[in-house]
1. Report, for the range A:109-262, the % of DSSP beta bridges that are antiparallel, rounded to 5.
2. On the Cα set of the range A:54-195, report Rg and Dmax in Å, please.
3. Can you tell me the FRET efficiency between A:Lys74 and A:Ser226 if r is taken as the Cβ-Cβ distance and R0 is 41 Å, rounded to the nearest 0.05?
4. In deg cm²/dmol and to the nearest 500, what is the mean residue ellipticity at 222 nm of chain A if only DSSP H runs of at least 4 residues count, each as -39500 (n - 2.57), divided by the residue total?
5. Applying the Karplus parametrisation 6.51 cos²θ - 1.76 cosθ + 1.60 with θ = phi - 60° to the phi angles of the range A:317-329, what ³J(HN,Hα) value in whole Hz is obtained for each residue in order, glycine and proline being reported as x?
6. Using amide H atoms built 1.01 Å from N in the peptide plane, name the residues 5+ places from A:Glu227, or on other chains, whose amide H lies under 5 Å from its own.
7. Compute the label zone of A:Glu81 within the range A:263-284: residues whose backbone N is under 16 Å from the point 7 Å along Cα-to-Cβ.
8. Rounded to the nearest 0.05, what FRET efficiency do A:Thr243 and A:Lys185 have when you use their Cβ-Cβ distance and R0 = 30 Å?
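The values are calculated or read from the model by the stated rules, or taken from the named source; none is laboratory data. Note that the structure is predicted; figures quoted are calculated from it, not measured. Using ideal geometry, Cβ is built from the backbone for each residue, glycine included, and neighbour counts are taken over all protein chains shown. All accessible areas refer to the heavy atoms of the entire protein, side chains included, with ligands and DNA or RNA removed. Shrake-Rupley method; radii C 1.70, N 1.55, O 1.52, S 1.80 Å.
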Amino acid sequence: MKNIVIIGGGVAGMEAARQLLALGYTPIIVEKANALGGHVASWYRLFPDMTPASEIISRLKKEIAPANVFTGTKVISISREKGDYSLTLDNGVSILAGAVLFATGFKVFDASKKEEYGYGVYDRVITNRDLEAWLSGGEDKRISAPKAIGFVHCVGSRDLKAGNSQCSKVCCTTAIKQAIEMKEKFPKAEIYCFYMDLRLFGKKYEDFYINAQRDFGVHFIRGRVSEVGETIDGRLQVKAEDTLSGKPLKVQVDNLVLMSGMVCNQSVSELVRQARLDIDDDGFLRSRNNIFDILESNRPGIFYAGACTGTKTVPETLAEARAAALEIHNYLQNG
Amino acid sequence: MADFGFKLSKSSTLDLDRTDTRVYDILCKTDPDIRTCMACGSCSASCTAAPFCGMSMRKVILALQRGQDVRPMLGKCMLCGKCTMVCPRGINTRHLILSICKYYD
Ligand SMILES: Cc1cc2nc3c(=O)[nH]c(=O)nc-3n(C[C@H](O)[C@H](O)[C@H](O)COP(=O)(O)OP(=O)(O)OC[C@H]3O[C@@H](n4cnc5c(N)ncnc54)[C@H](O)[C@@H]3O)c2cc1C
Ligand code: SF4
Ligand code: SF4
Ligand code: SF4
């Protein structure tokens, strides 16, 4: 039986491995980090049902135990060899694979690039990622009994100057989730979400929004934050236009949470070059077709799943991973 | 007073730290649904008074949230209730108008 290599052990890679195991294969996962789970392993709870992220990860880990997993390992070369792919790992192992699945995911936008928001300059400006880490029980001295908290939507997304014209899709819902979580922890705090549009496309997401408004009294202000400054007492002064009133608006907060978007993972560019894969305008891996062949690359035997082709939610990623396992199975049967 | 050839304009900036939302907070108790307004403007678009005098329930709710006096605008409402019929969030805007009147009585 031919080998199947899965590059990336986030939820996409793990779910694909789970399905391939069920189909009778023993896939090989190559994960560069020291643990499986990808980004989801560092989230606290998942929208819209507040499912603990650790539940998803530990379930997947358990179910893929029979797979071959290399963590802390990188693929250093990939080349076509007759109908197969020859891969070399940085631990010296080489593998001949009949099919390769890229499940290499995304990167979180580096918020310090948006200097006007003051990440890395002002102490109490944090990111969605920092907040997930704190909610998961991590220590963060920047957060202490806030009386007011602001959330800035679209940080590094829908922003041509930041090099990213796309909507990152998950961050409106994440902002609502985190706003509710902060309100649960600090019921007296005023919470302001600064948005341009609220994009709540998924099942139950709009209910989540109504919930935040009605039951938690989160304030939604339509206007992109233009600049942030620090007051003498270390609080943050936030400026935006209240576009619904057509007036400039300012407010002081104790923490400002930047909703950094999902951007392409450029660390795969060397592999992409070697395998001669196409990159899309947004920097993500280009599917052969964005409707019918999302999981297929421009090269035979190389498949995609999850956030490596664009922003995805966890359920979307899982669904793609399952479908990719089936595509690989069909390819190996017929190919 | 001497005329220096210029005048000082008041800042139009909305300062949320100095906004008095007491009226809004009280109305959130009698009419809790107003918190779910999503500023869609259906109410204002359907309002019979709007084309003639600029009545807008969307603006009334926003003004309450920004601590502004809504009485001048309310005087233009005819209590026809059309706005309530179209609100996609099911906010009883007509009831809200009555609650505001009651508060100021
Ligand atoms: C702040 C935030 C909160 C979110 N919250 C939610 C939520 O509540 N609900 C929800 O549905 N979605 C949420 N998402 C989206 C969710 O994180 C993604 O859907 C999910 O992580 C995609 O999984 P993935 O496996 O495709 O990618 P990733 O999670 O990025 O995993 C990719 C894996 O591949 C590895 N890798 C990358 N390159 C290589 C390489 N060259 N060699 C080997 N390994 C490599 C990485 O180390 C990583 O482990 C959130 C996103 C953000 C930014
Ligand atoms: S999901 Fe919302 S916050 Fe994220 S980029 Fe899109 S509009 Fe902006
Ligand atoms: S009740 Fe008042 S605000 Fe509503 S539609 Fe009629 S006139 Fe307009
Ligand atoms: S119709 Fe309802 S939701 Fe829309 S602006 Fe009016 S009150 Fe708000």
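1. Roughly 40 percent of the DSSP beta bridges within the range A:109-262 come out antiparallel.
2. Cα radius of gyration and Dmax of the range A:54-195 are 20.7, 65 Å respectively.
3. Efficiency, from the Cβ-Cβ distance: 0.50.
4. On the way: 7 runs with 84 residues, N = 335.
Value at 222 nm, helices only, nearest 500: -8000 deg cm²/dmol.
5. 3J(HN,Hα) across the range A:317-329, in whole Hz: 4, 4, 5, 5, 4, 5, 5, 5, 4, 5, 4, 5, 4.
6. A:Lys239
7. Label zone hits: A:275.
8. Details: r = 30 Å, r/R0 = 0.99.
My answer for the efficiency is 0.50.
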